[in-house]
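The structure appears right after this line, and notes come after that.
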Amino acid sequence: MASLPIVQYEEMIIETVENNSIVVIIGETGSGKSTQLSQMLHRRRHSKIAVTQPRRVAAVSVARRVAQELGVQLGEEVGYAIRFEDRTSRNTRIKYLTDGVLLRESLADPELNDYSVIILDEAHERSLNTDILMGLMKRLVKLRPSNLKVLITSATLDGDKVSKFFGECPVLNIPGKLYPVEVLYSKECPVNYLDTALRTALDIHIRQPEGDILIFMTGQDDIEKLVSKLEDEVRALDEGSCMDAVIFPLHGSLPPELQVRVFNPPPPNCRRIIVATNIAETSLTVDGVVYVIDSGYVKQRQYNPSSRMYSLDVVQISKVQANQRAGRAGRTRPGKCYRLYPSQLYHDEFLDVTVPEIQRSSLAGSVLYLKSLDLPDIDILKFDFLDSPSSESLQDALKQLYLIDAIDENGAITSIGRKMAELPLEPSLSRTLMEANNYGCITEALTVAAMLSTETALLPGQSKTEKKRKRPLSNLPDGFGLGDHIQLLQIYERWYQTDYDIGWCKDHGLQVRGMTFARDVRKQLSQILQKIAKEPLDIKTNRKGEEFRRDYRNLRKALCVGYANQLAERKMHHNGYRTLGFRGQMVQVHPSSALSSDELGKFPDYVVYHELIATPRPFMRNLCSVEMKWVIPIINKLNTLNVYKLSGGGMDLVEEESGISDLPKKNVEVSAAADDNESRIQAARERFLARKANK
DNA sequence: GAGCACTGC
């Protein structure tokens, strides 16, 4: 502990914090900022210190270490709070929490008076929640100038930019404890980056001294291909010509028991080669890595507000990401990083920083959250973000909220909206719950919302045979053909009838992690609903053994209201759909859907969908059949949509005549920046695809 | 007739 670089800076840090409300601290990996800053401030103050982390595991493990260093029991002076788990007490003085939990807390107490110090750690990751918190902190220090200190800490954040955002606050640089990493570039872009990664890895294995190799690839597919090629090639090497090698894949959909294999120490005289996604960039740290091979690409989910569609694209990484990857080689001794791209590409084309999540996500939930805070004099379109989302994205969010009654025609939050904001759900689902309560089907709607909160429950597991299996799985409920929401409900009901038997999940090819997560979410949601309801709600744990009416009418009606933004109408003579309202577009039923067609092979005339995904053809994923008479009032509302009023008149917008006309692009600066990102991403993607096709 | 980066309330 004494060797942590940050310790020598204690006096300077304390003095700066005493004299300033906000301080930015740049500390590279290994500086000790996550564990030491809170302790330093704790030694000077007695009231409560909050430290946010973007990830649950980090909040838990850092809290554990600090408790150990202070020699106290975890949950007493030092504790943590993550979703479903609060290990703090009245005595807690240092509290580690995920940034999402702090946002929830600020809903109950917008001034966060419980804390005298708030530390936003890992701010460089620019998670959606961290970005919102930064905006809120800027306001909060003005409201509480005498009794609040805010520290923004980060590994590589652009200190000047953040300092400027916070009114030229001081920036302290703390050196890290990384060993030097030599960076080697390719002369040119590889024709086939999978083969190039393979050759580079073999070359290191044969020629370089011991030390593990970490290879960054984009996804499961490429990882599996590369692992199998590496296995073949390593096996073909002459025995005794070099040391042994074991090869591990590492990605998020790998079952946990296979993920942890990379933390076991390798056998003697054996090199480990780990082929990973960006999960190894921040979430998992593998010790012993000396060589990093960086493909320069990452898979990134992005939301396009003009089509309301998500896509999962392979994009070029940013300079920050490239350096983060390189740093993985220098944790235990000096290392080397092989970049499979020329240095000129890195310097000229890579973005400096990753496009922040707030510019890549649908903002309906975040905007509703901000509205519910009742910040005075706040125009949501002018909220002070470190990097603003495009105005198009904010308007999209407002329109969505209006159509589901969360805000009124003037953009003010409604009483329904206020309740919705309390629920940790996407607005479409929280609105469904509100409506389900009126229709007497809250028990079922809760289950649907919980099941949709985990996308992984139905995903096939790892084995190849399982992978080929189709949904709906033969011996699982089929949703009566009404769609995926109903199927998810029925699956959960069946699981409940087995008393949440883990074996039952495994027998039916369901992911245990996903199912237990759904159970936890359901419990949390029903607790919140009980709390915010005026009178006690009739929520049953579930209806054991009771047969439902086979058409689930009320539940589907409730879904229709919640998903007013996500309606589609089947085209006359075929099975294609057109989305209703905002810039209607042609979409297809995702082949994995449980929705079934009638005896003539036709799908239902109207459906609601959970999301649109371009892969790259546009599909609707997770569908529910609805009826035309439920849809009509929504269409009427669509036609009276007026974005000018919704945004509080604060925007210089031309009035829209109906919900389906295009919006003029305003707020040019912001849009231009976002467009620039988009076109660069697009260009990078094309290059990538071209190279991949070139095999 | 398709495809699953990573987090999180």
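The values are calculated or read from the model by the stated rules, or taken from the named source; none is laboratory data. Quantities reported herein were computed from a predicted structural model and do not represent experimental measurements. For neighbour counting, all protein chains shown are included, and Cβ atoms are generated from backbone atoms with ideal geometry for every residue, glycine included. Please note that ligands, DNA and RNA were not included when accessible areas were found on the heavy atoms of the full protein model with its side chains. Shrake-Rupley method; radii C 1.70, N 1.55, O 1.52, S 1.80 Å.
Numbers at a glance
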item	result
Cross-link partners of residue A:637 among aspartates and glutamates (Cα-Cα below 12 Å; sequence separation of 8 or more within a chain)	A:405, A:408, A:409
Dipole of the range A:181-354, positive direction: furthest Cα of A:321, A:334, A:218, with charges on the beta-carbon	A:321
Cα→Cβ-extended label distance, 7 Å offset, between residue A:409 and residue A:284, nm	5.4 nm
Among beta bridges that DSSP assigns inside the range A:184-290, antiparallel share in %, nearest 5	0 percent
Tensor-based shape of the range A:410-637 (alpha-carbon gyration tensor, a/c under 1.5 rounded, otherwise prolate or oblate)	oblate
Prolate/oblate/rounded call for the range A:87-188, Cα gyration tensor, a/c under 1.5 rounded	prolate
Cα gyration tensor shape for the range A:5-174, rounded if a/c is under 1.5, else prolate or oblate	rounded
Estimated FRET transfer efficiency (residue A:203, residue A:147; beta-carbon r; R0 60 Å; 0.05)	0.55
Sparsely packed GluC sites (Glu not before Pro) within the range A:380-424, loop by DSSP, other Cβ within 10 Å at most 14	A:409
Accessible area per residue in Å² at 1.4 Å probe, computed on the range A:269-355	32 Å²
Accessible area of the range A:410-637 divided out per residue, in Å², using a probe of 1.4 angstrom	46 Å²
Antiparallel DSSP beta bridges within chain A, percent to nearest 5	35 percent
Length released on extending from residue A:592 to residue A:258, taking residue separation times 0.36 nm less the Cα-Cα span	117.6 nm
Heavy atoms of residue A:338: accessible area, 1.4 Å probe, square angstrom to 10	40 Å²
Apportionment of accessible area to carbon and sulfur, chain A, percent (1.4 Å)	49 percent
By average C-beta atoms within 10 angstrom, highest first, the peptides A:19-28, A:301-310	A:19-28, A:301-310
Pairwise label distance in nanometres, residue A:173 with residue A:44, each label 7 Å out on the Cα-Cβ vector	2.2 nm
Backbone N under 12 Å from the residue A:107 label point (7 Å along Cα→Cβ), restricted to the range A:397-441	A:417-427, A:430-431
Gain upon complete extension [residue A:64, residue A:84; 0.36 nm per residue less C-alpha separation]	5.5 nm
Cα centroid of the range A:224-299 to Cα centroid of the range A:599-623, whole Å	39 Å
Extension gain, residue A:244 back to residue A:232 (0.36 nm per residue minus Cα-Cα distance, nm)	3.0 nm
Accessible area per residue in Å² at 1.4 Å probe, computed on the range A:5-174	40 Å²
Unsatisfied cross-links (Cα-Cα over 29 Å) in the set A:557/A:602; A:142/A:177; A:382/A:629	A:142/A:177; A:382/A:629
